[in-house]
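All remarks here apply to the structure that follows.
What follows is calculated from the coordinates using simple rules that are stated; it is not laboratory data. Quick caveat, the model's predicted, so the values are computed rather than measured. A quick note on method: Cβ atoms are made from the backbone with ideal geometry, for glycine too, and the neighbour counts reach across all protein chains shown.
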């Protein structure tokens with residue numbers, strides 16, 4: 001993630017978006033069975049956003065236990081992949 005305190009994010013493919021024009025559609029935990037084996041495991045979380053240009057952005061935040069930091073990435077999603085996240089989340093009302 002590259003915020004640089006400018007209000008912009010950069011996706012994995014290099015596109016830039018201003019973060020104040022997103023409509024948050026959903027938030028949730030990325031499905032994973034690792035926590036069943038290790039109760040100290042911190043699962044990744046996601047947020048799904050829609051931009052004013054009708055693009056969908058997926059934000060995934062993961063905990064890096066090596067240096068105790070959070071790592072956030074952004075990815076542009078095709079509309080066909082959006083329902084999976086809408087069906088497995090908490091809606092932002």
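Numerical summary
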| item | result |
| --- | --- |
| Residues residue 10 and residue 80, FRET efficiency given R0 of 30 Å [Cβ-Cβ distance, rounded to 0.05] | 0.80 |
| Mean Cβ neighbour count within 10 Å, used as a protection proxy, ranking 76-87, 40-51 highest first | 40-51, 76-87 |
| By average C-beta atoms within 10 angstrom, highest first, the peptides 31-38, 58-65 | 58-65, 31-38 |
| Coordinate range along principal axes, alpha carbons of the range 22-91, Å, largest first | 39, 24, 18 |
